[in-house]
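The values are calculated or read from the model by the stated rules, or taken from the named source; none is laboratory data. Small disclaimer: the values here were computed from a predicted structure and weren't measured. With ideal geometry, Cβ positions are generated from the backbone for all residues, glycine too; neighbour counts draw on all protein chains shown.
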Amino acid sequence: MNMEKMYESMGISREVYAYGQRIEKELKDRFEQIDRTAEYNQLKVIRAMQKNRVSDAHFAGSSGYGYNDLGRDALEDVYADAFHAQSALVRPQIACGTHALAVAMSGNLRPGDELLAISGKPYDTLEEVIGIRPSSGSLKEYGVTYRQVDLLPDARFDLEGIKNAINDRTKMVHIQRSKGYQTRKTLSVTEIGEAIAFVKSINPEVICMVDNCYGEFVERMEPTEVGADLCVGSLIKNPGGGLAPSGGYIVGKKPYIENCAYRLTSPGLGKEVGATFGVMQSFYQGFFLAPTVTAGALKGAVFAANIYERLGFSVLPDGQESRHDIIQSITFGTPEGVIEFCKGIQAAAPVDSFAEPEPWAMPGYDSDVIMAAGAFVQGSSIELSADGPIKPPYAVYFQGGLTWEHAKFGILMSLQKLVDAKIVDSRRLSGR
Ligand SMILES: *Cc1c(COP(=O)(O)O)cnc(C)c1O
């Protein structure tokens, strides 16, 4: 069977396949650049593992209190070194990215302190952590106030606004690298570094925390290399490499990481406790694979941008732009567009390909959300996945792909569904 027939046997028509091939050919240079970044980051991870003398004994895991868990402690040193940070907290007890961020904030903020978000409204689930939407146990309930400075219309930091907002209660600044469910640009590590330098020039004591979700290994540098005091993310996104079954990480300055540990476990216990059961090998191996897995996901995002941009949909980032995270948003303008796209991603999955995704009211989100994922790890979004809130502008957020080949298949399948539903006119695929 030739390739075209193989795709046909999987439900991809000749027109859709041929259109994809044309786009892929044009992306050769972009893909080469992505591979170079992966190569650099692969070395960075290996260097950190060698420096910390990672060995078989580190994969054993612990039970009960988890005292003297060598594998856990060494992995935290590996993360700290790879991120050029002093210390790290990398734990299966961190349930998700939101939890990691909640630990970083509540561990370091005290009653009377103020949290200042300088890249606009934080990710949806953090609204309840902070208390922007009333919620039991929020920072607001503990007397931590909140202030926000939006990005300027061109997505640059509003330096004047930041300067005016910082006051003597400002304890922590929040910066979100990725756009999340917004249609803005993702911030580059360099831009984040400039904003941090500005904040520190006003008050060097302010803790600068970066929500690094989806950004890991997309560039050669991470925010901790440009002055971030804390940098936070999820292990079922980039750094888990698709193998970590759960977990989150926080890297940064030692005293702030200690505070996080006292919040995550207990005052007095901190980093000393926390069993790792049998997950350590997957954490190490996933981190080892993460640079190349991220590269595959990134190629998928660039491919999707070019596929849909040329069909007249608005895409962010656009087909040419440099990348700072693995998220691709495509605005369809109708609920049907979002739904068909997600159906295609689901139908291309190795797991649960027979299921049909539907919009539902997910906890933590303020509108119905549709999610497509046929993942080995439940909810993993480094695996090929797509989600979109069912509200204007009806944009879908697409990410992941453990291999570029799977990402490509998923994107072609999404296009196939849109063609079948007559949302995309098949004549546009061959025409110029
Ligand atoms: C995914 C994400 C989070 C929260 O992660 P969960 O693991 O879903 O709790 C926070 N911020 C950003 C920018 C994200 O992309």
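Numbers for the structure displayed
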read-out	value
Candidates D69, D56, D73 - the one that is assigned by TED's automatic domain parsing to the domain that holds A228, more than 16 Å from the ligand (Cβ to nearest atom) and surrounded by fewer than 19 Cβ atoms within 10 Å (Cβ to Cβ)	D73
Selected residue [of a type in the set (A, V, I, L, M), modelled with pLDDT of 95 or more, within 15 Å of the ligand (Cβ to nearest atom) and over 30 Å from Q320 (Cβ atoms)] from A95, A165	A95
In region 169-181, residue surrounded by the fewest Cβ atoms within 10 Å (Cβ to Cβ) [restricted to those that are within 13 Å of the ligand (Cβ to nearest atom) and more than 14 Å from R156 (Cα to Cα)]	Y181
Failed item in (1) touching a Gly at 6+ places or on another chain (Cβ under 7 Å); (2) among the basic types (K, R); (3) surrounded by fewer than 21 Cβ atoms within 10 Å (Cβ to Cβ), with K391 passing the rest	(1)
Any hit, region 293-302, residues being part of a loop (DSSP other than H, G, I, E, B) and of a type in the set (G, A, S)	no
Region 197-255, subset free of Cβ contacts under 8 Å to residues at least 60 places away in the same chain and among the acidic types (D, E), residue farthest from the ligand (Cβ to nearest atom)	E205
So V103, is it more than 16 Å from the ligand (Cβ to nearest atom), closer than 26 Å to M221 by Cβ and either among the charged types (D, E, K, R) or out of contact with any His (no Cβ under 6 Å at 6 or more places or on another chain) (or both)	no
Residue match in region 307-316 (condition: out of contact with any Pro (no Cβ under 8 Å at 6 or more places or on another chain) and within 16 Å of the ligand (Cβ to nearest atom))	yes
Boolean, V377 is within 15 Å of the ligand (Cβ to nearest atom), at pLDDT 95 or above and part of a loop (DSSP other than H, G, I, E, B)	yes
Conditions (1) surrounded by 24 or more Cβ atoms within 10 Å (Cβ to Cβ); (2) within 16 Å of the ligand (Cβ to nearest atom); (3) not acidic (D, E); number of the one not met by R184	(1)
Residue that is nearest to the ligand (Cβ to nearest atom), among those in region 342-374 that are part of a strand (DSSP E or B) and buried (at least 23 other Cβ atoms within 10 Å of the Cβ)	A373
Looking only at region 380-424, and only at residues there that are of a type in the set (F, W, Y) and away from the ligand (no atom under 16 Å from the Cβ), the one that is farthest from I330 (Cα to Cα)	W404
Restricting region 384-432 to residues that are among the small types (G, A, S) and part of a helix (DSSP H, G or I), the residue that is farthest from I326 (Cα to Cα)	S430
Unique residue being more than 19 Å from Y214 (Cα to Cα) and in a loop (DSSP other than H, G, I, E, B) when the list is G107, G66	G66
Close pairs (9 angstrom Cβ cut-off, 6 or more residues apart or separate chains): on the phi > 0 side of the Ramachandran plot in region 167-188, in a loop (DSSP other than H, G, I, E, B) anywhere	G180/K121; G180/P122; G180/Y123; G180/D124; G180/C213; G180/Y214; G180/I327
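Conditions tested, residue by residue: (1) within 17 Å of the chain's Cα centre (by Cα); (2) surrounded by fewer than 21 Cβ atoms within 10 Å (Cβ to Cβ); (3) outside the structural domain of G241 (by TED's automatic domain parsing); (4) not charged (D, E, K, R).
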residue	(1), (2), (3), (4)
I307	no, no, yes, yes
G312	no, yes, yes, yes
P317	yes, yes, yes, yes
Q320	no, yes, yes, yes
I327	yes, no, yes, yes
G333	no, yes, yes, yes
G337	no, no, yes, yes
E340	no, no, yes, no
